[in-house]
Structures are given as structure tokens and as C-alpha cells.
Amino acid sequence: MTHQILLTPGDGIGPEVIDETQRVLGWFSRNRNFAFHTESAPIGGIAYETTGNPAPDETIAKAKKADAVLFGAVGGPQWDKLPFDQKPERGILRLRKDLELFANLRPALCFDALKDASSLKPEIVSGLDILIVRELTGGVYFGEPKETTTLPNGEKRAVDTQVYTTHEIERITRVAFELAGLRSRRVTSAEKSNVMVTGVLWREVVTKIHKEEFPHIELSHVLADNCAMQLVRNPKQYDVIVTDNLFGDVLSDEAAQLTGSIGMLPSASLGAKQANGKQAALYEPIHGSAPDIAGKGVANPIACILSFAMCLRYSFGRVEDAQLVERAVDRVLADGYRTADIMQPGMTKLGTVQMTEAILKALDKLAV
Ligand code: NAD
């Protein structure tokens, strides 16, 4: 069996971490009875330089055909002054929109060896394993009107519109309940039903889907501001948190920080399952292109490698192989290997390539 993966390395450290992740793909091709067919396509700043478009139609078409997209990162200071529709970030936004990737999965997993790297006390984060399911294609980032006007007195007035339909809430809710069924069977829905009508609708729809389709999963509701507070007070009370685009943006970054480093965190964005079983999916590290360290060979490749583990789990149903990658990362950290961003006293510092080599060796050892 051959899985088709489109690689979109992008800018800055994107190509460095994608190159290393490709070596992990190669390990699975050599050691399992399935193979990956990979192809690379330009996105972001590099695509703008070569084609004049940060999100070329050809890349989007290839992404639609592939079983999964593995995305590096886009952006850099050299493109900061470009008009909005030519900025590198248009590349990821167009992929999300055109592939209708409405469900963003952001795990926050604290590897035991890194519990001291968190800004919270080790006992609060040790063993932490939560999943934030963020609605990605609706809400205030996309609602209309979205405009800035000038008032008669010369003042400016800017408007963003928070808007959700029943259908949009239903589909993200189902994703959250289905994923909770594979974990600890607990979902917490976060909104602001005390002050926002979209929050009232959100709570109504989540409650209805729970009652009708997932009564075996435990559901609780929390106001998003309280959720932000609880995440730093007692994050382990949560398993799956489902929330809208704006609150999800903020809460998932907060949860990310609990685990120590941005270089460790993967993500997945999924579309709806089609009648033929195909589901659009894009996997990416949550970090950006890190221009400050690009080209120095010091970037942490683990977030990207763990994004590939998510790809194994969610696109190819290979849960044991996904766990193998996660265990290999755990082993390497337990053995005291660190990249610069997660370096601690007494540990061995490795570059991007050497860290991948340590993970490949751990895969060899754990697979026997
Ligand atoms: P960033 O995530 O690129 O970097 C933030 C800090 O974390 C930097 O100090 C960087 O060196 C460090 N860092 C990030 N990833 C690391 C890794 N794998 N290993 C070690 N250290 C790592 O965020 P930023 O600096 O705010 O943004 C830089 C550029 O990336 C901007 O152009 C921004 O628009 C873009 N960006 C892109 C994406 C994306 O492609 N999805 C996401 C966020 C930011």
C-alpha cells in the first residue's frame, strides 16, 4: 500500500524540519509493509519568490489529490511589507480554506523528561495529555462584515463579526466526541454563553449532539475565560476541549506553553469525511518559520516529527506506529538528548540532524 503525502516545506526552518521528518517516513517505508510516495510543492515566501503567488493553484491542486499534506512553516521578515494577499501566511490560510479543514487538533502533551521545562510546577504538568479541538474555518476571523470605516467626525471604526451556524458547530462537536471516544471519554466545551449569542447557540448544539449521538461520553461546559484560568490552575482536569476559532486560538497557545517548548508541539487540521472515505488532512508543527535560527542547523525537529505521528494516527489509522514515534521521542528525551530550545543543565545538546538520528536509533531499538 502506498500513501501519498504532499510536502510543503515553506520558509525558514520549515525545509529543515521537513527534511528530517522525511527520514522518519523513510524508516517506516523500510520497516513496514506500506510505503509513502512524497512530492514537494512550494508554499509561502518561497512560492511568492518563484511564482509571484504564496499559494499557487498547482500546490493547492496537489494538496487536494494527496492523502495528507505535511506542512513546514511560512513567513519571514523579508515579506512583512507585502500586501495582505501576497504575504506568505496566505499560503496556509488558502490551504485550510480550499481543503475545508474545519477541525484543528492541538494536543498538549508533557513528556516526563521535560516536566521541569514548563513555567508551571512539575506536579501540575507531569503526565499532562490534553487535546484542544478548535473550529478553524468559521467565527470571528471570517464573519462579515469585516471592515474599517471612517466616521463623520474622522474617527475610525473597525468591525469583526462573530458568526456560527448550527451545521458548523455540529460538525466540530462530532469530531471532538469521536476523538474523546479514543481517549478518556471526556469533552469540555468552552464558549461565552453568558455574553454572546453565538455562545448560547454553541452550548445548545453541543448539548443536543451529546444527548442524541454520544451519551456515553462525559460532557461539561465551561466559560472560555474560566477555561483559560483552569488551564494554568489544574490542566489535568481536561481531556478534550472543543471550542470556537477565536477562543481555540488563544487556549491552544496557552496549553502549548504548559508543555515547555514550541519546538515540541504538533498539530493536525482535518476536513469532513467524504463518501469514499477520503478525508482532507494537513499536519504541521505549531511553530512558525523561526527566521532567527533558520539555516543554523539547531531547530528542534520534534514538533514536525510528532505531526507525522498524528498523520499516521488520523489519516492512515496506524495508531501503534504513531505511538512508536511518540515512544521514540520519549526515549530520546529520557536519555538526556536535547536541542537548544529545550536544553537543560547536564543534558547533551544536539542539532537538528543529530536529534533525528537519535530518534531513528530509538525507533530501531523499540521496534525489535
Ligand atoms: P516562531 O514560532 O517562528 O518563533 C518563535 C520563537 O521560537 C523563536 O525564537 C524561534 O527561534 C523559536 N522556535 C520556533 N520553532 C522552533 C523550533 N522548531 N526549534 C527551536 N526553536 C524554535 O514565531 P514568530 O517568530 O512569531 O514568527 C516567525 C515567522 O513565522 C513570522 O513570519 C510568522 O508570521 C510565521 N509563522 C508562521 C506559522 C505557520 O507557518 N503556520 C505559524 C506562526 C508564525
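Bear in mind that the values in this text are calculations on the coordinates, not laboratory data. Keep in mind it's a predicted model, so treat the numbers as computed, not measured. Cβ: placed from backbone, ideal geometry, glycine included. Neighbour counts: every protein chain shown.
As a rough guide to protection, the peptides 164-175, 124-135, 205-216, 239-250 ranked by mean Cβ packing within 10 Å, highest first, stand as 239-250, 124-135, 164-175, 205-216.
Calculate the all-directions average of the projected area of the chain's alpha-carbon convex hull, and give it in nm².
Details: hull surface 80.6 nm².
Result: 20.1 nm².
Contact order for segment 129-258, expressed relative to its length and based on alpha carbon pairs under 8 Å spaced 6+ residues apart, stands at 37 percent.
Gain on full extension, evaluated as 0.36 nm per residue between Arg23 and Thr165 minus their Cα-Cα distance, stands at 46.9 nm.
If you take the Cα centroid of segment 114-161 and the Cα centroid of segment 8-27, the two points sit 28 Å apart. Cut-off under 24 Å on the C-alpha distance; same-chain residues fewer than 8 positions from Lys64 excluded. Which lysines are left, in chain and number order? By straight Cα distance, Lys64 reaches Lys87, Lys97, Lys273, Lys278.
Springs between Cα atoms under 10 Å define the GNM used for the chain, and in it the highest mean-square fluctuation of Ala176, Ala309, Ala47 occurs at Ala47. Taking a ≥ b ≥ c as the square roots of the eigenvalues of the Cα gyration tensor, an a/c ratio of 1.5 or more together with a/b no larger than b/c marks segment 282-350 as oblate. I'd like the distance between the alpha-carbon centres of segment 223-252 and segment 261-278, rounded to an integer number of Å. Cα centroid to Cα centroid, the span is 20 Å. Rounded if a/c is under 1.5, else prolate if a/b is larger than b/c, else oblate: which is segment 1-154, with a ≥ b ≥ c the root eigenvalues of its Cα gyration tensor? Judged from the Cα gyration tensor, segment 1-154 comes out oblate (a/c at least 1.5, b/c at or above a/b). Among Arg90, Arg185, the order by Cβ neighbours within 10 angstrom, fewest to most, reads Arg185, Arg90.
For Thr339, Thr8, which order do you get if you count the other beta carbons within 10 Å of each Cβ and list the fewest first? List each step's numbers first, then the result.
On the way: Thr339 21, Thr8 31.
Fewest-to-most Cβ neighbours within 10 Å comes out as Thr339, Thr8.
The phi-based Karplus calculation (6.51 cos²θ - 1.76 cosθ + 1.60; θ = phi - 60°) puts the 3J(HN,Hα) values of segment 20-27 at 5, 5, 4, 5, 6, 4, x, 4 Hz, whole numbers, x for Gly and Pro.
Extension gain for Asp57 to Thr348 (0.36 nm times residue separation, less C-alpha to C-alpha distance): 100.4 nm. Note on segment 129-258: the C-alpha convex hull projects to 8.9 nm² when averaged across all orientations. Taking amide H as placed 1.01 Å from N in the peptide plane, His221 has its amide H under 5 Å from the amide H of Ser189, each at least 5 places away in sequence or on another chain.
Which of rounded, prolate, oblate describes segment 10-74, given a ≥ b ≥ c as roots of the alpha-carbon gyration tensor eigenvalues and a/c under 1.5 marking rounded, otherwise prolate only if a/b is larger than b/c? Because a/c hits 1.5 or more and a/b fails to exceed b/c, segment 10-74 counts as oblate. At a Cα cut-off below 26 Å, give the lysines reachable from Lys349, other chains included and same-chain residues fewer than 8 away excluded. Here the lysines satisfying the reach criterion relative to Lys349 are Lys115, Lys121, Lys296, Lys361, Lys365. Note on Lys156: lysines with a C-alpha under 20 Å away, same-chain residues under 8 apart excluded, are Lys146.
Per-residue ellipticity at 222 nm, computed for the chain from helices alone with -39500 (n - 2.57) per DSSP H run of at least four residues, works out to -13000 deg cm²/dmol.
As a length-normalised measure over Cα pairs under 8 Å and 6 or more apart, the relative contact order of the chain settles at 20 percent.
What is the fewest-to-most order of Ser189, Ser307 by other Cβ atoms lying within 10 Å of their Cβ?
On the way: Ser189 29, Ser307 24.
With the sparsest Cβ surroundings first, the list reads Ser307, Ser189.
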